[in-house]
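Q: I am attaching a structure below and will ask some questions about it afterwards.
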Amino acid sequence: MGVLNVTPDSFSDGGRWLDADQALAHGRLLRRQGADVLDVGGESTRPGSERVPVDVELARVLPVVRALAADGAVVSIDTVHAETADACLRAGAAVVNDVSGGLADPEILDVAARHGARYVLGHWRGDPATMNERAVYADVVAEVVTELAARTRVALAAGVDPALLVLDPGLGFAKDAEHNWELLARLEALEALGHPLLVGASRKRFLGALLAGPDGVPAPPLARDGATAALTAILAARGVWGVRVHEVRPSADAVRVAAALRAAGRAR
Ligand code: HH2
């Protein structure tokens, strides 16, 4: 899944694709580089980011969603707002990517259900203003599993098709670096919920901390793509449904490496 942030303030690429023509060109490039799904977002959800009115969000994403869907791309709309999801599904999007798992705007579950859309249900707590304070767990894996299971029940009760439900641990959303690593190390606990998994680790802060130099200064976002692709290889080898990445080519290559290894293993 290639990230297409049509925002001025996303943490790694804010402002680069705010213009619709530039966004469209970038989306087409990501597709040529091997993205199976293009995830279009018009509101940053990084900690401390500003909330965006729905009309502004829609003005950013709708022309891009419409044009990419007309190309034949599988388009995902990265939003927590029901109204935005509804308009984008009408414009040809096929996936709703909701990092709040229906907590920010419960109507979004009805929208996904009504359209028969794939729904990515992410784990988060609080909202972008408060989520850092909510990163407190006795056992992060057990609590994320319990909370995802609860949100799954709500989504299915709203009519989301169980065959179209994808779960996401929500790395960085009310989680610090240690929580993210623990979730990545124990993904089988999330897989046991019985739905495919999407993981969004790309360029996130915990990778910057991992790659810090001897002075302790974190690696900047654009220097985190190698670590992102390394994680993609590991996650693809264990069979996750998807990874959400900014730099598509190395991750698409990693997916192909993992697929070749799996095929060779099966052939023995
Ligand atoms: N992370 C971000 C945004 N959307 N969607 C899913 N399903 N999973 C994620 O982990 C996820 C996501 C945050 O990254 P980014 O879009 O690069 O930044 P920003 O929120 O600043 O736009």
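Q: Mind checking which pairs have a first residue in the range 43-64 that is assigned to a loop (DSSP other than H, G, I, E, B) and a second that is of a type in the set (S, T, N, Q), Cβ under 6 Å, 6 or more apart or different chains?
A: Ser44/Thr7; Ser44/Ser10; Pro47/Asn132
Q: Please specify each residue of the range 29-63 satisfying the condition of being farther than 24 Å from Phe173 by Cβ, surrounded by 16 or more Cβ atoms within 10 Å (Cβ to Cβ) and over 18 Å from the mean Cα position of the chain (by Cα).
A: Selection gives Leu62, Pro63.
Q: Hey, another quick one. Regarding the range 8-28, can at least one residue be identified that is away from the ligand (no atom under 12 Å from the Cβ), more than 18 Å from Arg90 (Cα to Cα), open to solvent by less than 40 Å² (accessible area, probe 1.4 Å) and touching a Gly at 6+ places or on another chain (Cβ under 8 Å)?
A: Yes - at least one qualifying residue is present in the range 8-28.
Q: Please pick out the residue among Ala138, Ala73, Ala163, Ala85 that is surrounded by fewer than 21 Cβ atoms within 10 Å (Cβ to Cβ) and either part of a loop (DSSP other than H, G, I, E, B) or in contact (Cβ under 8 Å) with a residue 12 or more places away in the chain (or both).
A: So the residue among Ala138, Ala73, Ala163, Ala85 that is surrounded by fewer than 21 Cβ atoms within 10 Å (Cβ to Cβ) and either part of a loop (DSSP other than H, G, I, E, B) or in contact (Cβ under 8 Å) with a residue 12 or more places away in the chain (or both) is Ala138.
Conditions tested, residue by residue: (1) within 16 Å of the ligand (Cβ to nearest atom); (2) buried (at least 22 other Cβ atoms within 10 Å of the Cβ); (3) over 28 Å from Asn132 (Cα atoms).
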site	(1), (2), (3)
Ala177	yes, no, no
Ala185	no, no, no
Ala192	no, no, no
Arg203	yes, yes, no
Leu207	yes, yes, no
Asp215	no, no, no
Leu235	yes, yes, no
Arg238	no, no, yes
Gly242	yes, yes, no
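Q: Next up: Show the residue pairs that are 6+ apart or on different chains and have beta-carbon atoms under 9 Å apart, the first residue being within the range 243-268 and in a helix (DSSP H, G or I), the second being among the charged types (D, E, K, R) and modelled with pLDDT under 95.
A: Qualifying pairs under 9 Å: Ala258/Arg238.
Q: Mind checking which residues of the range 88-122 are under 23 Å from Thr146 (Cβ atoms) and part of a loop (DSSP other than H, G, I, E, B)?
A: Val99, Ser100, Gly101, Gly102, Leu103, Ala104, Asp105, Pro106
Q: Leu222 passes all but one of (1) part of a helix (DSSP H, G or I); (2) in contact with a Lys or Arg (Cβ under 8 Å, 6 or more places away or on another chain); (3) open to solvent by less than 70 Å² (accessible area, probe 1.4 Å); which number fails?
A: (3) is the only condition that Leu222 fails.
Q: Also: Confirm whether Val111 is over 21 Å from Val243 (Cα atoms) and either in contact (Cβ under 8 Å) with a residue 24 or more places away in the chain or in contact with a Pro (Cβ under 7 Å, 6 or more places away or on another chain) (or both).
A: Yes: the conditions hold for Val111.
The values are calculated or read from the model by the stated rules, or taken from the named source; none is laboratory data. Note that this is a predicted model, so its numbers are computed, not measured. Positions of Cβ are backbone-derived with ideal geometry, glycine not excepted, and every protein chain shown enters the neighbour counts. To get the accessible areas, we keep the full protein, side chains included, count just its heavy atoms, and leave off ligands, DNA and RNA. Shrake-Rupley method; radii C 1.70, N 1.55, O 1.52, S 1.80 Å.
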